[in-house]
Amino acid sequence: MKRQEYLSWDDYFMAVALLSGKRSKDPSTQVGACIVNENNIIESIGYNGFPKGCSDDEFPWEREGDTLNTKYAYVVHGELNAILNCKGKDLTGCRIYVGLFPCNECAKAIIQSGIKEVVYLSDKYAETDIVKASKRMLNAAGVKLTQLEPEHFKIELSLDKSLI
Ligand SMILES: [Zn+2]
């Protein structure tokens, strides 16, 4: 008889998105994204960070102050990085898994790439204009919005040779 505790596709892809976020150098917000096609095959992953060549040690991670000295002028969000990382692959019909509801700029890229569903965990910025604009566009474009209710709230991994 097969194992019963295996991860559902939704929990699995959300966990991949969250694991990708662990690569982020951003001290305040780590957002990973995982793009999956209709056959449940991962097409791309990404996390928030500066563009290639823009040093994590030289560019600012600050959230406040003069625009040129904040991260907002430079950082690429996880969703956009995931879309760009697949190097022009056709993402029509795909879904994107993200921990946090996408911003309006990522919503534009999601719509234009042909992604048809956003699966997210948190919508903690729902009352901001950024998320309201994002939802307005995603709804107008017919992108399905699904807040995931995970079956597993904790997935633990240990990188310990003795476990293998
Ligand atoms: Zn964004």
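The values are calculated or read from the model by the stated rules, or taken from the named source; none is laboratory data. Quick caveat: nothing in here was measured; it's all calculated off a predicted structure. Note: ideal-geometry Cβ built from the backbone for every residue, glycine included; neighbour counts use all protein chains shown. Surface areas here come from the heavy atoms of the whole protein model, side chains and all, with no ligands, DNA or RNA. Shrake-Rupley method; radii C 1.70, N 1.55, O 1.52, S 1.80 Å.
Listed here are the residues, each with its yes/no results for (1) more than 12 Å from the ligand (Cβ to nearest atom); (2) in contact with a Ser or Thr (Cβ under 9 Å, 6 or more places away or on another chain); (3) open to solvent by less than 90 Å² (accessible area, probe 1.4 Å).
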position: 50; (1), (2), (3): yes, no, yes
position: 73; (1), (2), (3): yes, yes, yes
position: 78; (1), (2), (3): no, yes, yes
position: 83; (1), (2), (3): no, yes, yes
position: 87; (1), (2), (3): yes, yes, no
position: 91; (1), (2), (3): yes, yes, yes
position: 97; (1), (2), (3): yes, no, yes
position: 113; (1), (2), (3): yes, yes, yes
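Select, from 117, 58, 127, 64, the only residue that is acidic (Asp, Glu), within 17 Å of residue 28 (Cβ to Cβ), away from the ligand (no atom under 14 Å from the Cβ) and more than 11 Å from the chain's Cα centre (by Cα).
Exactly one residue qualifies, and that residue is 64.
From 122, 113, which residue is polar (S, T, N, Q) and more than 17 Å from residue 21 (Cα to Cα)?
113 is the lone residue from the list that is polar (S, T, N, Q) and more than 17 Å from residue 21 (Cα to Cα).
Taking the range 140-164 as the region of interest, how many residues are open to solvent by 100 Å² or more (accessible area, probe 1.4 Å) and over 20 Å from residue 43 (Cα atoms)?
Number of matching residues: 10.
Listed residues 124, 135; which is more than 27 Å from residue 39 (Cα to Cα), of a type outside the set (S, T, N, Q) and open to solvent by 40 Å² or more (accessible area, probe 1.4 Å)?
When all the criteria are applied, what remains is 124.
Considering only residues that are aromatic (Phe, Trp, Tyr) and over 21 Å from residue 139 (Cα atoms), which ones fall in the range 56-106?
Passing the criteria: 59, 61, 72, 74.
Could you check residue 105 against (1) in contact with a Leu (Cβ under 9 Å, 6 or more places away or on another chain); (2) within 16 Å of the ligand (Cβ to nearest atom); (3) open to solvent by less than 80 Å² (accessible area, probe 1.4 Å); (4) under 19 Å from residue 145 (Cα atoms) and say which number it fails?
It fails just one condition, (3).
For residue 25, work out the one condition from (1) within 16 Å of the ligand (Cβ to nearest atom); (2) open to solvent by 10 Å² or more (accessible area, probe 1.4 Å); (3) in a loop (DSSP other than H, G, I, E, B) it doesn't fulfil.
Of (1) within 16 Å of the ligand (Cβ to nearest atom); (2) open to solvent by 10 Å² or more (accessible area, probe 1.4 Å); (3) in a loop (DSSP other than H, G, I, E, B), only one is false for residue 25: (1).
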